[in-house]
Amino acid sequence: MPNRDPLILGIDLGGTKILTSIINSKGEMLSRDHSFTPAAKGPEGVIQAILASADRAIEGASIAIDRVSAVGVGAPGLADPKTGILFTSPNLPGWEDVPLRDIIQEKLKKNTFLINDGNAGALGEYYFGAAKGAAHFVYVTISTGIGGGIVIDGKILNGCKGMAGEIGHMTIADEGPPCHCGNQGCWEALASGTALAKAAQKRIEMGAGTAILGFADGKIANVTAQTVQAAAEKGDPLANQLILKTAYYFGVGLANLVNIFNPQMIVIGGGLSNMGDRLLMPAYGVAEKRAFNRAYRTVRFVRAALGRNSGVLGAAAFAFEEMKRATFEPEG
Ligand SMILES: [Zn+2]
């Protein structure tokens, strides 16, 4: 029988969306299935939705499940790749110590691997995207929250139980705003899209004059990072001031990453990064001022290349990596 390119079923489980895809070793997606995460239905309902989506992705690639070599799952929250357990997830209510890997493996009868979504995104960019060939880099995704993954010597930094790399929850301001993780002043509580929207809402409630509301149908509750951006583009002073503040905190966090990891590259993705230079240039300026000059000079800031596919591609890359490792290092 001729050697066939192994195919992976990649699953990117998010708090609001599930993306599944059949992916080959070049990172080509042979199918794509998007669906909503029925988060309120708890683990059972969500797992059913994952399996239904997996069926559609397999069908979409016009293959039989026998053709799939393994399954890679990226999941939000604290996930241990060694035991395959999703400990907890702020975006998935009711998930405590769910053996997600083994459940999927049992249902699909395929070797399955579980990784945290931020780490999956980092691996996706490493194998197929902006960080190809970079052995030392940090992947940062800035959207409603801040997540990411750290690659050192070509390997994801997992920590002893898979919980490393939660860069969004490093404390930036000790008395800062509350974070949904239970801490306060976390990076994502200060520099994410949610933080920007909340800061804008607060200033408007306090009576600040701004064009932001005009982009939000006049309702404070409709103010988002996007409406702030739209106002900033029209020259609204408050919108610009709020974005500069977000950029400032984003830059403080980047300086920490530069000093701690001395990466050759920081790859920045996520919806808020689409704000581009308005957000990123001032953030780089802050990082330059605060980081060790030598370390700052060695780092290259690049935009992520895979967009919303980084997680699903990274989950597949992780499965490829683990399969290869199993071939070279047979266990027991
Ligand atoms: Zn936090």
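Exactly which GluC sites (Glu not before Pro) in region 150-217 are in a DSSP loop and have at most 10 other Cβ atoms within 10 Å? Spell out each step's value before the answer.
On the way: sites: Glu166, Glu175, Glu188, Glu205; in loops: Glu166, Glu175.
Passing sites in region 150-217 are Glu175.
Here is how the number arises for the chain: DSSP H runs of 4 or more residues each give -39500 (n - 2.57), the sum is divided by the residue count, and the result at 222 nm is -12500 deg cm²/dmol.
What is the Cα centroid distance between region 213-237 and region 261-299, reported in whole angstrom? First find each Cα centre; the distance between them is then 26 Å. The value of relative contact order for region 48-91, using C-alpha pairs under 8 Å at least six residues apart, is 22 percent.
At a threshold of 8 angstrom on Cα-Cα distance, excluding pairs fewer than six apart, so keeping six or more, what relative contact order does the chain reach in percent?
Numbers: 720 pairs, mean separation 62.0, N = 332.
Relative contact order comes out at 19 percent.
For the pair Ala135 and Gln264 in one chain, pulling the backbone fully straight at 0.36 nm per residue adds 45.6 nm over the alpha carbon distance.
Which trypsin sites (Lys or Arg not before Pro) in region 199-276 sit in a loop by DSSP (not H, G, I, E or B) and have at most 14 other Cβ atoms within 10 Å of their own Cβ? The partial results should precede the final answer.
Working: sites: Lys202, Arg203, Lys219, Lys234, Lys245; in loops: Lys219, Lys234.
Sites meeting the loop and neighbour criteria: Lys219, Lys234.
Ligands, DNA and RNA aside, His169 has an accessible area near 50 Å² when probed at 1.4 Å.
Return the carbon/sulfur percentage of the accessible area of the chain, one whole number, probe 1.4 Å, all protein chains in place. Show your work: numbers first, answer last.
Details: 8050 of 15650 Å².
After summing per-atom areas, the C and S share lands at 51 percent.
Assuming R0 = 45 Å, can you tell me the calculated FRET efficiency for the pair Arg4 and Met281, based on Cβ-Cβ distance, to the nearest 0.05? Plugging the Cβ-Cβ distance into 1/(1 + (r/R0)^6) gives 0.45.
On a per residue basis, region 194-324 carries 48 Å² of accessible surface, using protein heavy atoms and a 1.4 Å probe. Rounded to the nearest 0.05, the FRET efficiency derived from the C-beta distance between Ala64 and Ala208 at R0 = 56 Å is 0.40.
Extending 7 Å from the Cα toward the beta-carbon at both Lys17 and Gln48 defines two label points whose distance is 2.4 nm. Rounded to the nearest 20 debye, the dipole size of the chain about its Cα centre is 720 debye, using +1 on the Cβ of Lys and Arg and -1 on the Cβ of Asp and Glu.
The values are calculated or read from the model by the stated rules, or taken from the named source; none is laboratory data. The structure displayed is predicted, hence computed values, not measured ones. No Cβ is skipped: glycine too gets one built from the backbone with ideal geometry, and neighbour counts run over all protein chains shown. The area values use the complete protein model at the heavy-atom level, side chains included, leaving out ligands, DNA and RNA. Shrake-Rupley method; radii C 1.70, N 1.55, O 1.52, S 1.80 Å.
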